[in-house]
Amino acid sequence: MIDVKDKTAILDELSRCSRCGLCQSVCPTYRAAGIETSVARGRNVILRAVLEGRLEAEKGSQDAISSCLLCRACVTACPAAIQTDILMLAGRHEVDAPKKSVGLFDFIFKKILPDKDRLSFVFKLLSIGKGSGISGISAKTGILKAVSPYLDHAEGLVGDIPRISLRERINGTLFRPDNAKGKVAYFIGCGVNHLLPDIGLATLGLLDKSGFEVIVPETICCGLPPYSYGDLDTTRLYAWRNINRLNDLDCDTIVTDCGSCSSFLKEYPLLFQDDKKRLSDAIRVSNKVMDITAFIPIMDEEGLPEINGKVITWHDPCHLGRFQGITEEPRRLIKGIKGVEFREMQEADLCCGGAGTYSIRHNDLSMKILDRKVDNIVKSGADIVATACPSCIIQLNYGLKKNKLPVKAVHITQILNKAG
């Protein structure tokens, strides 16, 4: 992997782009916007000009760099496999991070996400705001938009926020069945913990039923949010705190039900290439990480009982499919449930436009991408959209609800735990 701080390496990679245009046919943002600055070859030209000093890092170039979804669709389609997602991260590190141009997010990354007590307090306030209707009124009257357009977009995207997080619900409970098949550490992602705790309960239920001892370590955010904004120094702080905690555990496997978390935890070694001691510890953690969709077949190879009369389709989260190559396992699991009809949707691996905070920062573009995904869901005729990413679930359910469709997006563990 290219070091995003190595300007020479970045420029060398940029120079390999022949501008053939094959990225156009697969890029979600190009399909939505239809302009050259929203596709890999255009973004690469802009970034190269910025790094070579031929173009100021003004809003136009900044938007082109920041509006990339980092979904790697272009990397897959590119004959030279140019790492455009890494190039855009390098651009953000060069343009965004030093200038604090995303001040609200910078504050969140530095002060809120790494502090579990502050993060919990913020979500409790948000829960009260949503539950009382205060946030909705503030949005309708324009107060939120006046404070920040990001807050305005976020209020509309996120539904009800639970007042009790997953960690509070399980309250340190340890799952220790007799004659355990093995010991796993369950890594709780921020989205599951604070927004979608039912996913975590379903995951823990599956692990428990399958006879595994489960421990839940006191970890923090995996670090993907600041990494996606080019803030590598903050990312390493997150990663090192998690590495220290996870390396202390006596477990066979580190399991998570967030495709983004599992992907990024596996990439921890890439953050410490210049530090041999930390690199060794990062590799040790990375080698134990498994996404729950890859771990479930190990848990139960006999399949699960039935769910009658449901048509289910599958949406491939970018961090699960293109980043980890996990595509067949979840489909095989769904097909193994008796009474379920599985239907493949068109463009199942097309990004839904959620991508963490992308749907907040680039709301207009995100909604256009989401509309295409919703159309494909409708064409599939499915009752349920299964996936394995909290961000995707929030985004998909927003689109389905907005279009008043009788379809729901859920995590695959929720389906399998119900079936079991």
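The values are calculated or read from the model by the stated rules, or taken from the named source; none is laboratory data. These figures come from a predicted structure and were not determined experimentally. Cβ placement follows ideal geometry from the backbone for every residue including glycine, while neighbour counts extend to all protein chains displayed. Surface accessibility is based on the protein's heavy atoms, side chains included, excluding ligands, DNA and RNA. Shrake-Rupley method; radii C 1.70, N 1.55, O 1.52, S 1.80 Å.
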Quiz item: Taking the chain as a Gaussian network, Cα atoms linked when under 10 Å apart, which of 277, 335, 209 shows the biggest mean-square fluctuation?
Solution: 277
Quiz item: Under the Karplus relation 6.51 cos²θ - 1.76 cosθ + 1.60, θ = phi - 60°, what is the ordered set of whole-Hz ³J(HN,Hα) values for region 370-383, x standing for Gly and Pro?
Solution: 5, 4, 5, 5, 4, 4, 5, 5, 4, 5, 6, x, 7, 8
Quiz item: What is region 160-257 by shape, rounded, prolate or oblate, if you read a ≥ b ≥ c off the alpha carbon gyration tensor as root eigenvalues and call it rounded for a/c under 1.5, prolate for a/b larger than b/c, and oblate otherwise?
Solution: oblate
Quiz prompt | Long-range lysine pairs (8 or more apart or interchain), region 341-420, Cα under 24 Å | solution = 15
Practice problem: Kindly identify region 284-420 as rounded, prolate or oblate by the Cα gyration tensor criterion: order the square roots of the eigenvalues as a ≥ b ≥ c, call it rounded if a/c is under 1.5, otherwise compare a/b with b/c, prolate if a/b is larger, else oblate. | Solution: oblate
Quiz prompt | Mean separation of Cα contacts under 8 Å (6+ apart) over length of region 380-420, as relative contact order % | solution = 50
Practice problem: Considering only protein heavy atoms, with the full assembly of protein chains and a 1.4 angstrom probe, order 272, 323 by accessible area, largest first. | Solution: 323, 272
Exercise. Give the relative contact order (percent, whole number) for the chain; include only Cα pairs under 8 Å separated by 6+ residues.
Key: 14
Quiz item: Per-residue HN-Hα couplings for region 165-175, Karplus 6.51 cos²θ - 1.76 cosθ + 1.60 at θ = phi - 60°, whole Hz, x for Gly and Pro?
Solution: 6, 4, 4, 5, 5, 7, 6, x, 4, 10, 9
Practice problem: Among DSSP beta bridges whose residues both lie in the chain, state the antiparallel percentage, nearest 5. | Solution: 5
Practice problem: Return the aspartates and glutamates within reach of residue 5: Cα separation strictly under 16 angstrom, same-chain partners fewer than 8 residues apart disregarded; answer none if there are no such residues. | Solution: 13, 52, 85, 94, 96, 231, 233, 274, 275
Quiz prompt | Separation of alpha-carbon centers, region 189-211 and region 340-379, rounded to whole Å | solution = 24
Quiz item: Given Cα pairs under 8 Å that are at least 6 residues apart, what percent is the relative contact order of region 326-382?
Solution: 35
Exercise. Please work out the FRET efficiency for the pair residue 245 and residue 198, using the Cβ-Cβ distance as r and a Förster radius of 30 Å; give the result to the nearest 0.05.
Key: 0.75
Quiz item: Who wins for biggest fluctuation among 65, 254, 86 in a Gaussian network model of the chain, springs between alpha carbons below 10 Å?
Solution: 86
Practice problem: Quote the accessible area belonging to residue 260 in square angstrom, nearest 10, computed with a 1.4 Å probe and with ligands, DNA and RNA left uncounted. | Solution: 20
Practice problem: For the chain, with all protein chains present and a 1.4 Å probe, just round the carbon and sulfur fraction of the accessible area to a whole percent. | Solution: 52
Quiz item: GNM, the chain, Cα, under 10 Å: largest mean-square fluctuation among 242, 179, 376?
Solution: 179
Exercise. Would you pull out the residues with amide H under 5 Å of residue 310's amide H, same chain only if 5 or more places away, H placed 1.01 Å from N?
Key: 341
Quiz item: Given 0.36 nm per residue, what is the gain on full extension from residue 280 to residue 110 after removing their alpha carbon distance, in nm?
Solution: 58.6 nm
Quiz item: Using +1 on the beta carbon of Lys and Arg, -1 on that of Asp and Glu, and nothing else charged, what's the dipole of region 273-420 about the Cα centre, debye to 20?
Solution: 420
Practice problem: Could you tell me whether the chain comes out rounded, prolate or oblate from its Cα gyration tensor? Rule is a ≥ b ≥ c as square roots of the eigenvalues, rounded for a/c under 1.5, then prolate if a/b exceeds b/c, otherwise oblate. | Solution: rounded
Practice problem: Among 202, 395, 159, pick out the residue whose Cα is farthest towards the positive end of the charge dipole of the chain, where Lys and Arg carry +1 and Asp and Glu carry -1 on C-beta, about the Cα centre. | Solution: 159
Quiz item: Hey, what do the phi angles of region 188-194 turn into as Karplus ³J(HN,Hα) couplings, whole Hz, using 6.51/-1.76/1.60 and θ = phi - 60°, x for Gly and Pro?
Solution: 8, x, 4, x, 5, 4, 9
Quiz item: How much solvent-accessible surface does residue 120 expose, in Å² to the nearest 10, with a 1.4 Å probe and all protein chains in place?
Solution: 30
